[in-house]
Structures are given as C-alpha cells and as structure tokens.
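Undergrad: Dumping the structure here so I can ask a few things about it.
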Amino acid sequence: MPDLSEWTTFPFVSPVEVRELEPAVAEEPPRNGEGGVDCWACEKPDADFLWTDERWRLTLYTPSPFRGVVLLQPRVHAESVAELPATEAAEFGPLAGRVQRAVESLGGIGRVHLNVWGDGGAHLHLWFYPRPYGRLQLRGTFLPLWGLVLPDLPDDEVRAAGEAVARALG
Ligand SMILES: [Zn+2]
C-alpha cells in the first residue's frame, strides 16, 4: 500500500493496515427514508433546524471540532440534485453560494468545502465543511475524517457559530 502516514494531511500514523474489501452485494439495503417512506428529514419539525425558508432547511452539525458545519436540505423529498423539482433546482446553486458566504462570514476559515454523499439518509443533503484557516494539515478530502478524531468544541461555541450563520443568511 502507499504509505499514507507520510502525508501530513492523513490523520493517522503508522502502522495502519488496509481493511480487506468485502465482495460487492447483488442488491444494496435501503437507506433511511428511501422513496420518502419514514424519512427522518421529512418528519423533522422546523424547530429542529438552524434556518428555514419556504423550500429549504439548514441543519447545524453538532457536536463537532469545527465551527460552522451545516447541511442544506430541500423541504420536498428529493434523493439527488437530479430529482429536485424545477423551482428548487433553479434555487440550488444561488442558495448554496449564499450558505457558503454565510459560513465564510464566521471568519477564521481557510475554505468551505461542499459535499453531497447520500449513502446514509436518502433525503438530499448538501454538506458545508469549513476548514479552520491556517490548518494546512486539514486540507482536502481527509477533513471529515479529522472531524471524527479531533476533540469536539464546547457545544455553546458550535451553537453560537450556527446562530451567526443563520443571521448572515437573513
Ligand atoms: Zn425526505
């Protein structure tokens, strides 16, 4: 294997072993909310969200070692960007830009990464992942992995940053 532990951006040091890759399954198991049935994201009340408008809702991710990790979701049950209704599809890019700017407005941020994965919940959710400025080791795709191994910030600090993002969105 390539010695990733020599990369300063890799969160682990040697010895690290690669897990054996299991055979592919013939049929994948359903995700939460597949087809809009018993979907956690659809069922959550607005009060559980950081910010909402007519068609979109924003969640603060906590606990976290980082300030300003948020997830943007449409109110309507769509399972990919391709499934968004026309109005939401037209709003998606501009709104993603507004959320990115709102997170950047916290200050002290090197870059805000946007990610759509979707192997967990079926309901479309766009991650905004801010990297603290100057933390060069946290650059790139290992950032979410660092998010799992670094100590979480105090809850009130993460929530205050979330409130600032919501205020910046208006
Ligand atoms: Zn849903």
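Undergrad: Scan Thr59, Thr9 and give me the residue that is among the β-branched types (Val, Ile, Thr) and in a loop (DSSP other than H, G, I, E, B).
TA: Just one listed residue meets the conditions, Thr9.
Undergrad: Among Gly107, Gly134, Gly118, which is the only one that is within 16 Å of the ligand (Cβ to nearest atom) and assigned to a loop (DSSP other than H, G, I, E, B)?
TA: Numbers: Gly107 fails: within 16 Å of the ligand (Cβ to nearest atom); Gly134 fails: within 16 Å of the ligand (Cβ to nearest atom).
Just one listed residue meets the conditions, Gly118.
Undergrad: What residue, of Leu72, Leu60, is under 15 Å from His125 (Cβ atoms), at pLDDT 95 or above and more than 14 Å from the ligand (Cβ to nearest atom)?
TA: When all the criteria are applied, what remains is Leu60.
Undergrad: Sticking with this structure for a sec: Quickly run through the stretch 31-56 and pick out the residues that are part of a loop (DSSP other than H, G, I, E, B), surrounded by 11 or more Cβ atoms within 10 Å (Cβ to Cβ) and not acidic (Asp, Glu).
TA: Matches in the stretch 31-56: Arg31, Gly33, Val37, Cys39, Lys44, Phe49, Leu50, Arg55.
Undergrad: Kindly evaluate Pro65 against the criterion of being outside any helix (DSSP H, G or I), farther than 27 Å from Gly170 by Cβ, touching a residue at least 12 places away in the same chain (Cβ under 8 Å) and more than 16 Å from the ligand (Cβ to nearest atom).
TA: yes
Undergrad: Separate question: Name the single residue, out of those in the stretch 28-48 being touching a helix residue (DSSP H, G or I) at 6+ places or on another chain (Cβ under 9 Å) and not small (Gly, Ala, Ser), that is farthest from the ligand (Cβ to nearest atom). Step through it out loud before you land on a result.
TA: Of all residues in the stretch 28-48, those touching a helix residue (DSSP H, G or I) at 6+ places or on another chain (Cβ under 9 Å) come to 32-33, 36, 42.
So of that shortlist, the ones also not small (Gly, Ala, Ser) come out as 32, 42.
Details: Asn32: 9, Cys42: 3 Å.
Here the answer is Asn32.
Undergrad: Please work out if Val25 is assigned to a loop (DSSP other than H, G, I, E, B), modelled with pLDDT under 95 and away from the ligand (no atom under 16 Å from the Cβ).
TA: On the way: assigned to a loop (DSSP other than H, G, I, E, B): yes; modelled with pLDDT under 95: no; away from the ligand (no atom under 16 Å from the Cβ): yes.
Here the answer is no, as Val25 does not meet what is asked.
The values are calculated or read from the model by the stated rules, or taken from the named source; none is laboratory data. The structure presented is a predicted model; accordingly, all values stated were derived computationally and were not measured. For neighbour counting, all protein chains shown are included, and Cβ atoms are generated from backbone atoms with ideal geometry for every residue, glycine included.
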